[in-house]
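**Student:** My structure is below; once you've seen it, I'll send some questions.
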Amino acid sequence: MAKLFSKTRLLESKIDAYLDHGSEAGLLFREAIKDYLGGRSEEFEQRREQVTDLETTADDLRQEVERQLYAETLIPDARGDVLGILENTDAVINTAKETLTLLSVQRPRIPRDLNADYIELADHGCQAVQELVMGIRAFFRSAPTVTDYVHKVHFWEKEADKVGERLKRKIFESDLELARKLHLGDFVVHIDTLADEAEDVSERLAISAIKRSL
């Protein structure tokens, strides 16, 4: 972040910590899904709680960054873009938390032969989040490289959509009762939303990067 925040080391460290939280939330989300599908309830709950804690801390960090940007009148030309990117990234972390909370509350019974597809879906969402975080870091350090990361976010979102559609077809072509099919289908959508949210932020990131290059 040296180029954009050359005189604001504290602000830089807070944004780096915030992005670390986003990356970790994506990784924990994927591992929590694996734990749930593997019947490791205690491990699942531990990871879910970690994501919840990360979301809370990340929200606090974002608010601190916001206060510092306004109180010290820092980077006025880019302030709106920075705040918008961080606020939208918060939605990504929140999506991970909400999906895991729903799993914890509703406890859907997922047939074992669908486990691999659910894991693949979660993995693609995690990959999209990791590329998004690297893209945001690039925005602060080397804006011209943002496009590469945005492209990768789009790639993983499309891959997630493919898996989601395949998985829903398997569910609704099965002999399960309709109510269970609908329940399982809902969780396909919930897990897939992580990649969708990452793509939404990446689109805003791409526009902000273009503005910085003008």
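The values are calculated or read from the model by the stated rules, or taken from the named source; none is laboratory data. As the structure is a computational prediction, the values presented were derived from the model and not from experiment. Cβ atoms come from the backbone with ideal geometry, glycine included; neighbour counts cover every protein chain shown.
**Student:** Going through segment 175-207 one residue at a time, which ones are outside any helix (DSSP H, G or I) and closer than 18 Å to Tyr36 by Cβ? If you could, list the steps in order and put the result at the bottom.
**Tutor:** First pass over segment 175-207, keeping only residues outside any helix (DSSP H, G or I): 175-177.
None - no residue of segment 175-207 is outside any helix (DSSP H, G or I) and closer than 18 Å to Tyr36 by Cβ, so the list stays empty.
**Student:** Since Lys97 meets every condition but one in (1) among the basic types (Lys, Arg); (2) in contact with a helix residue (DSSP H, G or I) (Cβ under 7 Å, 6 or more places away or on another chain); (3) modelled with pLDDT under 95, which condition does it not meet?
**Tutor:** (3)
**Student:** Identify all residues within segment 100-111 that are free of Cβ contacts under 8 Å to residues at least 12 places away in the same chain and either in a helix (DSSP H, G or I) or surrounded by 12 or more Cβ atoms within 10 Å (Cβ to Cβ) (or both); write none if there are none. Quick ask: steps written out before the conclusion?
**Tutor:** Of segment 100-111, the ones free of Cβ contacts under 8 Å to residues at least 12 places away in the same chain are 105, 107.
Selection gives Val105 alone.
**Student:** Since Ala91 meets every condition but one in (1) under 20 Å from Gly22 (Cα atoms); (2) over 19 Å from the mean Cα position of the chain (by Cα), which condition does it not meet?
**Tutor:** Exception for Ala91: condition (2).
For every residue, the table says whether it meets (1) within 19 Å of Ala91 (Cα to Cα); (2) loosely packed, with under 15 Cβ neighbours inside 10 Å.
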| residue | (1), (2) |
| --- | --- |
| Asn115 | no, no |
| Ala138 | no, no |
| Pro144 | no, yes |
| Asp148 | no, yes |
| His154 | yes, no |
| Arg166 | no, yes |
| Phe187 | yes, no |
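**Student:** Let me ask something else. Do we have Lys170 as in contact with a helix residue (DSSP H, G or I) (Cβ under 8 Å, 6 or more places away or on another chain) and more than 23 Å from Leu27 (Cα to Cα) here? Break it down stepwise before answering.
**Tutor:** Details: in contact with a helix residue (DSSP H, G or I) (Cβ under 8 Å, 6 or more places away or on another chain): yes; more than 23 Å from Leu27 (Cα to Cα): yes.
Here the answer is yes, as Lys170 does meet what is asked.
**Student:** State all residues of segment 12-37 that are of a type in the set (S, T, N, Q) and under 14 Å from Glu66 (Cα atoms); if no residue qualifies, say none. Give the derivation first.
**Tutor:** Quick first cut of segment 12-37, residues of a type in the set (S, T, N, Q) only: 13, 23.
Result: Ser13, single match.
**Student:** Only one of Arg137, Arg67, Arg79 is over 23 Å from Arg30 (Cβ atoms), among the charged types (D, E, K, R) and in contact with a Leu (Cβ under 7 Å, 6 or more places away or on another chain). Can you tell me which?
**Tutor:** Going through Arg137, Arg67, Arg79 in turn, just one is over 23 Å from Arg30 (Cβ atoms), among the charged types (D, E, K, R) and in contact with a Leu (Cβ under 7 Å, 6 or more places away or on another chain): Arg79.
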